[in-house]
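Structure first, commentary second.
All of the numbers you see were taken from the coordinates with simple rules; none came from a lab. Quick caveat, the model's predicted, so the values are computed rather than measured. So basically every Cβ, Gly included, is an ideal-geometry build from the backbone, and we count neighbours across all protein chains shown.
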Amino acid sequence: MSPGKVLVTGGAGFVGSHVCEAYLVQGWDVTALDNLGTGRVGNLPRDVRFLEMDIRDESLRRVFRDGRFDVVNHHAAQVDVRASVTRPRHDAAVNIDGLLNLLECALEFGLERFVFVSSGGAIYGESAGRPIPRAASKRPASPYGVSKLASEYYLRAFRELSGLEYVALRYANVYGPRQDPHGEAGVVAIFARRILDGDRLVVFGDGEQTRDFVFVRDVAAANLLLTDADLPDSARLDEVAFNVGSGDQTSINTLAAAMIDIAGRAVEIVREPARPGDPMHNCLDCSETRALGWAPVHSLEAGLRETWEFIAEEAA
């Protein structure tokens, strides 16, 4: 697909803004749509067109009519796992109703491809094997995971009914510059900010739970690749879904120690009870994504160091 016009929902957010940059570098005409609930206009390059709007807004149809987009890259979401447990209807309102609003507009105005951001942690749940292949059983343990998996099924149904071409990216734990250190998601940014402020690091459970940390610019590169990749004409859900992670397991204890070492500051680590809905282990098998020519190029140490330097400089 030649560079055309792309709408990035959640485009002013942490990952979305990096994806906007990646499209821009490749010559795309980029529009970012964001309700600024967690995103910031300052995250965006000036050549990106910005629209402040919620994906559930009825006026979204006018955005599609005027924009005539070739691709939608859908990052806007309710991503707080704990909030999905306490407010499941709100989670569904954003993640499912918002998706359906986008899909109705996409069908009406002839979209070429819909790039959907799913979750490689929340939809698989606690898997017996690691790394987790994309065809593994889906056992979401939170309403957030359910909403992401349900969204993939909606997309498949729309493809069968109307021919809408889509691809799903199942992210591991994304980290990097611009990550919000004040929200629920993003342990790397949370740790960095607390170290900077001289606060204690809070580790839930015994800290031996593991995550697959992948740097945000590597994730943006995967978005670009899968926007343009040839996709199989398959009715199977997993055939058009791609895991995006490092393939490495890092415990939260190891992460905390690495962040303290990079910062060169001594802080106390305290423990609190494990949180409901969080899997004990998560690590993704990205074989199919790598087969398309993608691979993460940032080591965990290099990525953590760049994230720390960004947060420290921004605070200063």
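Dividing the convex hull volume of the alpha carbon atoms of region 1-151 by its residue count, what do you get in Å³ per residue?
Dividing the Cα hull volume of region 1-151 by its residue count gives 121 Å³.
Please state the charge dipole magnitude for region 137-250, taken about the Cα centre, from unit charges on C-beta atoms (+1 on K and R, -1 on D and E), reported in debye and rounded to the nearest 20.
Taking the Cα centre of region 137-250 as origin, the dipole is about 300 debye.
What number results when the radius of gyration of region 13-67, computed over Cα atoms, is divided by 2.2 N^0.38 Å?
1.12
With the cut-off at 1.5 for a/c, could you classify region 103-216 from its C-alpha gyration tensor as rounded, prolate or oblate?
Prolate shape, in that a/c is at least 1.5 and a/b is the bigger ratio.
Could you check which residue among F204, F213, F116 shows the biggest mean-square fluctuation in a GNM of the chain with a 10 Å Cα cutoff?
Looking only at F204, F213, F116, the biggest GNM fluctuation is shown by F204.
Relative to 2.2 N^0.38 Å, what does the C-alpha radius of gyration of region 223-316 come to as a ratio? Two decimals please.
Details: Rg = 17.9 Å, N = 94, 2.2 N^0.38 = 12.4 Å.
So the Cα radius of gyration is 1.45 times the expected 2.2 N^0.38 Å.
Rank P131, A141, H74 by how far each Cα sits towards the positive end of the charge dipole of region 50-192 (+1 on Lys, Arg Cβ; -1 on Asp, Glu Cβ) and give me just the farthest.
Sorting the options by dipole projection puts first P131.
Based on Cβ point charges of +1 for Lys and Arg and -1 for Asp and Glu, what charge dipole magnitude is obtained for the chain about its Cα centre, in debye rounded to the nearest 20?
360 debye
Using helices alone, what [θ] at 222 nm do you get for the chain, with -39,500 (n - 2.57) per DSSP H run of 4 or more residues, divided over all residues and rounded to the nearest 500?
-11500 deg cm²/dmol
With 10 Å bins from zero, work out the P(r) of the chain over every alpha carbon pair and list the percent per bin.
For the chain, the pair-distance distribution reads 6, 28, 37, 22, 6, 1.
Of the chymotrypsin sites (Phe, Trp or Tyr not before Pro) in region 236-316, which ones lie in a loop per DSSP and count no more than 14 other C-beta atoms within 10 Å?
none
Note the full-extension length gain between E268 and S162 as 0.36 nm times their separation in residues minus their Cα-Cα distance, in nm to one decimal.
Between E268 and S162, full extension yields 32.6 nm more.
So for the chain, averaging the separation of alpha carbon pairs under 8 Å that are six or more residues apart and normalising by length, what relative contact order in percent results? Working shown, then result.
Numbers: 641 pairs, mean separation 60.0, N = 316.
Taking the mean separation of contacting Cα pairs over the length of the chain, I get 19 percent.
Can you compute the charge dipole magnitude of region 248-311 about its Cα centre, using +1 on each Lys and Arg Cβ and -1 on each Asp and Glu Cβ, nothing else charged? Give it in debye, rounded to the nearest 20.
For this selection, approximately 80 debye.
Sort H298, H90, H75 by Cβ crowding within 10 Å, fewest neighbours at the top. Let's see the in-between values first.
Values: H298 19, H90 14, H75 28.
Ordered by Cβ neighbours within 10 Å, fewest first: H90, H298, H75.
Give the percent of DSSP beta bridges with both residues in the chain that are antiparallel, rounded to the nearest 5.
If I count the DSSP bridges inside the chain, around 5 percent turn out antiparallel.
How many angstrom separate the Cα center of region 12-47 from the Cα center of region 244-303?
If you average the Cα positions of each part, the centres end up 25 Å apart.
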